[in-house]
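Take a look at the structure below.
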Amino acid sequence: MSTPSNSEVLTARNEKKESVQRTRRQHRRNALAFWSFVGPLILGLTVFFYAPIIWAFILSFANARATVTPTTFVGLQNYVEMLSDTTFTGTLGTFTIFAIFIVPTTFIFALALALLVNSVKFGQGFFRSVFFLPTACSYVLASTVWRASLFQGTFYGIANRVLYLVGIEPIAWTSSPSPPWFWLVLVTVRLWLQVGIYMIIFIAGLQDIPRELYEAAYVDGASRGWQTFRSITFPLLRNASISVLLLNIIAAFQAFDEFFNILFGGNSNLARPPLIYLYQVALNNQDYGRGSAGAIILTIIILVFTLIQGRFLGFGRRD
């Protein structure tokens, strides 16, 4: 076996060195491309998401009135005041009423639309788009249309014009505490805005169910419709159903735009959810310490409620 010459050894070393350099250059180009795409996202999340959360947590332990800079450390005083504030705890009651209305209504409508759209043989994509399109609409814009056009409290509102045709006097939809017609306005606008996204979740769950199960059921004598829905479809939609319920509850906790725009800035005489009250405490009263403490409390409530509900309902458990 011949021994390689010095020139061959030098050539091999140079080739290896060039290969290493090419690999490093490729790695640097890949890293540059990666951070070019991901860097702005991380920077945006840090500046507009994580930093405000951390700063709000700091403010919640301080006396911060008319300033976002902590002045005096007060410990848990802000938390104690918020938890003993009957107005704040009363807003949780408003959330409960709103959730009782909106969660089952959205669940039923989304499931019904998903079943109808999924059963369509032609134009399924068209109907998905039609029902999903409202989710792209602004909550502020939709709330304004609902208040100023559909449910305007005068004779010229669309709802009141329809009632007039059947001989019913106009109703003050958004200003009457008894009967509380404003709940109909709030629930319908939220239902129109969000039912499409939950319909998509249910459609995804429906399309994940094997067709062979239905064929086997028909062979065994099961009838189409309610029997197969009760025995096959709904049980296999468990994860999709739990997802819809969890997202609905969280969205109900975060209700703000429709209450603020339909009830004229969150009318305390009608209904005021938690975020409206925290907005008034922090921005109107300039008490950022108590407002931040209330926001942290609300976040903890949402987190605990979500974990308990997901655990109780068995989210993610195999069928």
Nothing charged except the Cβ atoms of Lys and Arg (+1) and of Asp and Glu (-1): what's the magnitude of the dipole of the range 44-183 about its Cα centre? Round to the nearest 20 debye. 440 debye
Carbon plus sulfur fraction of accessible area for the range 68-186, probe 1.4 Å, in percent: 72 percent
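Taking the solvent-accessible surface of protein heavy atoms with a 1.4 Å probe, what is the per residue accessible area of the chain in Å²? Don't skip to the end; give the middle numbers.
Details: 19390 Å² over 319 residues.
Solvent-accessible surface per residue comes out at 61 Å².
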Taking 10 °C and 1.306 mPa s as the conditions, I'd like the Stokes-Einstein D for the range 55-150 in µm²/s, using the Kirkwood hydrodynamic radius from alpha carbon pairs. 87 µm²/s
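In terms of the ratio Rg/(2.2 N^0.38 Å) built on C-alpha atoms, what value belongs to the range 197-240? Display every interim value, and only then the final one.
Values: Rg = 10.9 Å, N = 44, 2.2 N^0.38 = 9.3 Å.
After normalising by residue count via 2.2 N^0.38 Å, the value is 1.18.
Would you kindly calculate the translational diffusion coefficient of the chain, applying Stokes-Einstein with the Kirkwood radius from alpha carbon pairs, for 20 °C and a viscosity of 1.002 mPa s, and quote it in µm² s⁻¹ without decimals?
Values: Rh = 24.5 Å.
Taking Rh from Cα pairs, D becomes 87 µm²/s.
Among rounded, prolate and oblate, which fits the range 98-195 when a ≥ b ≥ c are the square roots of the eigenvalues of its C-alpha gyration tensor, a/c under 1.5 means rounded, and a/b larger than b/c means prolate?
Details: a/c = 2.11, a/b = 1.87, b/c = 1.13.
Taking the square roots of the gyration eigenvalues as a ≥ b ≥ c, the range 98-195 is prolate.
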Relative contact order [Cα under 8 Å, 6+ residues apart], the range 1-122, whole percent: 9 percent
Just report the Cα centroid separation between the range 41-65 and the range 134-182, whole Å. 39 Å
Given the peptides 46-57, 103-114, 77-88, 13-24, arrange them by the average over their residues of other C-beta atoms within 10 Å, most packed first. 103-114, 77-88, 46-57, 13-24
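Given the Cα-Cα distance of VAL304 and THR71 and 0.36 nm per residue of separation, how much length would full extension add, in nm? Walk me through the intermediate numbers first.
Details: separation 233, 0.36 × 233 = 83.88 nm, distance 3.09 nm.
Length difference between fully extended and current span is 80.8 nm.
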With an 8 Å Cα cut-off and a minimum separation of 6 or more residues, compute the relative contact order for the range 99-252 in percent. 32 percent
Inter-site label distance for ALA112 and TYR50 at 7 Å from Cα along Cβ, in nm: 4.5 nm
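Take each uninterrupted DSSP H stretch in the chain, measure its Cα extent along the helix axis, and return the ones at 15 Å or beyond whose mean Kyte-Doolittle hydropathy is at least 1.6.
On the way: long enough: 6-45 (56 Å, -0.65); 86-119 (49 Å, 1.68); 182-207 (37 Å, 1.81); 238-253 (23 Å, 1.51); 288-313 (37 Å, 1.46).
Once both thresholds are applied, what remains is 86-119, 182-207.
Between GLN21 and ALA136, what FRET efficiency comes out of the Förster formula 1/(1 + (r/R0)^6) with R0 = 35 Å and r the beta carbon distance, rounded to 0.05? Before the final figure, lay out the partial values.
Values: r = 49 Å, r/R0 = 1.40.
So, using R0 = 35 Å, E works out to roughly 0.10.
Would you calculate, for the chain, the mean residue ellipticity at 222 nm contributed by helices, counting each DSSP H stretch of 4 or more residues as -39,500 (n - 2.57) and dividing by all residues, to the nearest 500? Before the final figure, lay out the partial values.
On the way: 13 runs with 203 residues, N = 319.
Helix-only estimate at 222 nm: -21000 deg cm²/dmol.
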If I ignore ligands, DNA and RNA and count only protein heavy atoms, how much of ARG147 is accessible to a 1.4 Å probe, in Å² to the nearest 10? 70 Å²
Return a whole-number percent for the relative contact order of the range 54-139, with Cα pairs under 8 Å and 6 or more residues apart as the contact set. 13 percent
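The values are calculated or read from the model by the stated rules, or taken from the named source; none is laboratory data. It should be emphasised that the depicted structure is a prediction, and the values quoted were computed from it without experimental measurement. All Cβ positions, glycine included, derive from the backbone under ideal geometry; neighbour counts span all protein chains shown. These accessible areas exclude ligands, DNA and RNA; they are computed on the full protein's heavy atoms, side chains included. Shrake-Rupley method; radii C 1.70, N 1.55, O 1.52, S 1.80 Å.
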